[in-house]
1. Any idea what angle helix 29-38 forms with the longest principal axis of the chain, computed on alpha-carbon atoms, 0 to 90 degrees, nearest 10?
2. I'd like the orientation of helix 261-271 relative to the chain: the angle between its Cα long axis and the longest Cα principal axis, in ° from 0 to 90, rounded to 10.
3. With θ set to phi - 60°, apply the Karplus curve 6.51 cos²θ - 1.76 cosθ + 1.60 along the range 226-233 and write out the HN-Hα couplings as whole Hz, x wherever there is a Gly or Pro.
4. If you roll a 1.4 angstrom probe over the protein chains with everything in place, what fraction of the accessible area of the chain belongs to carbon and sulfur, to the nearest %?
5. Kindly flag which residue pairs out of 86/195; 19/154; 100/154; 194/226; 86/194; 109/174 have an alpha-carbon separation exceeding 31 Å in this structure.
6. What does the charge count around residue 253 come to, taking other residues whose C-beta lies under 11 Å from its C-beta (Lys +1, Arg +1, Asp -1, Glu -1)?
7. Using 0.36 nm times the number of residues separating residue 42 and residue 230, minus their current alpha carbon distance, what extension gain do you get?
8. When the Debye formula is applied to the Cα atoms of the chain, each taken as the same point scatterer, what base-10 log of I(q)/I(0) results at q = 0.12, 0.16, 0.17 Å⁻¹?
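The values are calculated or read from the model by the stated rules, or taken from the named source; none is laboratory data. Predicted model only: the values in this text are computed from it and were never measured. Cβ: placed from backbone, ideal geometry, glycine included. Neighbour counts: every protein chain shown. Each accessible area value is taken on the protein alone, full model and side chains, heavy atoms only, with ligands, DNA and RNA left out. Shrake-Rupley method; radii C 1.70, N 1.55, O 1.52, S 1.80 Å.
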Amino acid sequence: MNTKDIIEITRSNNISPNKKLGQNFLCNSTIVNRITASGGVTKNDDILEIGPGLGDLTESLLKKANSVTAVEIDSGLFRILNEKFKDINNLILIHKDFLKGRIEGNFTKVISNLPYYCSSEILFQLALKYQINDIFVMLQKEMAERIKASPGTKNYGALSVTLGLYYDPEILFKIDKQSFYPQPDVASSFIHLKKKNNTGLDKDETELFHLIVKSAFWGRRKTLRKSLLESPHSDLSREKVINVLIENNMDKDIRGENLTIDDFIKITQMYSGYDAKKH
Ligand code: SAM
């Protein structure tokens, strides 16, 4: 589908791309095919696609996969998709806000060009509610760089650590704005998140991990000790914070942005059973 096709389809259906819903459609078939190829889609795959839009990527995925389940929030687009794919029987089309509830199915992969206004929320929900081994998504370039960032660099933050607990990220390729209609304000990157086998944390510890990470990055310029003690996200006791830092041989001036994901896991395990409450 090129820009002309997109303009024609939307006009003839009396709709226009909704910026608020992140509707920047791919208008470059080379990129669409590259996404499907990068996902290594085969007939063993049952794909979950979030935000099929006008269905170009969906069509490419359907040719290679066993099945595609595509979840679209927009009723106008849903109508177009229903008509376009009315004779296709390996597609399940769902008209729904992906962020509400859970989509049933045993999915092998997620492959999507995500709506940028809620892509971090979608990734968190995929991490927490689903057990999908391979996630291939298009994101804002800056966000992809934050996910992939290493400790001590300017992009490293709560997003890198929170998603890093569950996935090993890899940036596969960049896409310029001209490959979308309408053009987004920023460039994009296509990334692969490979699920880790085991986070090493049980359910309560996982909750604590997220609290600690949120707290550690709450005061970006503050020391870890100060952030953990003063964060509005937790009420970890002063004595326990200090004990954990001492037991870990941590420099008293160390900051959250210098800790690896394994450091955060270790700190969490030491706190395990300690009282930390979300406000
Ligand atoms: N897959 C199409 C493509 O690549 O051209 C469209 C991608 S566009 C960046 C994002 C799509 O996500 C839009 O179709 C938009 O309506 C849909 N969307 C936005 N928010 C959503 C949500 N919460 N749940 C499901 N779909 C959503």
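1. With rounding to tens, the tilt is 50 degrees.
2. For 261-271 against the chain, the angle is about 50 degrees.
3. So the Karplus estimates, Gly and Pro as x, are 5, 4, 5, 6, 9, 4, x, 7 Hz.
4. Numbers: 6400 of 13950 Å².
Whole-percent figure for carbon plus sulfur exposure: 46.
5. Violating the 31 Å Cα-Cα cut-off are 86/195; 100/154; 194/226; 86/194.
6. Values: positive: 222, 225, 226, 252, 255; negative: 251.
Counting the neighbours of residue 253, the net charge comes to +4.
7. Numbers: separation 188, 0.36 × 188 = 67.68 nm, distance 5.02 nm.
Full-extension gain reported as 62.7 nm.
8. Cα-only, vacuum Debye calculation for the chain: -0.78, -1.16, -1.26.
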